[in-house]
Amino acid sequence: MSYQITVNGESHVVAAAPETPLLYVLRNDLGLNGPKFGCGLGQCGACAASVGGTLTRTCSIALRDVGDAPIVTLEGLGTTLKLHPLQKAFIDEQAAQYGYCSNGMIMAAKALLDQNRNPSEDEIKDALANQLCRCGVHNRVVRAVRRAAMELER
Ligand code: FES
């Protein structure tokens, strides 16, 4: 079957089985490597993107269920020439070790800052608590989100 989806402001027609996880379409059909395949079971958050404005684990939503909800991936937040404040803050704070989780961390932080422009440290930790990560930089991640929040406040 073919489906029309909107990703990062661009419309795409993709041919895939209805039950295909959105993550596979993003990575394999559209070449977007921001969302990562971690567990494939909706548990780690590495595959997160915004679907219809909601933070979504794209390994766990079937293509047929996306409908006309606009999708925003990590690539849609900023460009290499004009980074989103969260992307810049993660670089400035060196808030990654191997970085496989960074997509989910940044997308979850984006969802938080969309709702709460001035989150406390505890609110940041709560918002990111379900993003599983083995990096040893959790404090840097929190600092990066705070830094981005301050930048967005300006
Ligand atoms: S890969 Fe989707 S939640 Fe782990």
Between the helical axis of 102-115 and the dominant principal axis of the chain, each derived from Cα atoms, what acute angle in degrees is found, rounded to the nearest 10? 80 degrees
Probe radius 1.4 Å, ligands and nucleic acids ignored: give me the carbon and sulfur share of the accessible area of the chain as a rounded percent. 48 percent
Loop-resident sites, segment 1-108, for GluC sites (Glu not before Pro), counting at most 12 other Cβ within 10 Å (DSSP): E19
Pairwise FRET efficiency - N130 versus N33, Cβ, R0 = 30 Å, nearest 0.05: 0.85
Run the dipole for segment 2-76 about the Cα centre, Lys and Arg Cβ at +1, Asp and Glu Cβ at -1, nothing else charged, and hand back the magnitude in debye, nearest 20. 220 debye
Trypsin sites (Lys or Arg not before Pro) within segment 53-93: which are DSSP loop residues with at most 12 other Cβ atoms inside 10 Å? K82
Is segment 44-109 best put as rounded, prolate or oblate by its Cα gyration tensor, with a ≥ b ≥ c the root eigenvalues, rounded for a/c under 1.5, and otherwise prolate when a/b is larger than b/c, oblate when not? oblate
Taking the Cα of M150, stepping 7 Å toward and past its beta carbon, and measuring to each backbone N in segment 67-98: which are under 16 Å? 85-95
Cβ neighbours within 10 Å, averaged per peptide: list 107-114, 48-55, 147-154 in order, most packed at the top. 107-114, 48-55, 147-154
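The values are calculated or read from the model by the stated rules, or taken from the named source; none is laboratory data. Just so you know, these numbers come straight off a predicted model, no measurement behind them. A quick note on method: Cβ atoms are made from the backbone with ideal geometry, for glycine too, and the neighbour counts reach across all protein chains shown. Surface accessibility is based on the protein's heavy atoms, side chains included, excluding ligands, DNA and RNA. Shrake-Rupley method; radii C 1.70, N 1.55, O 1.52, S 1.80 Å.
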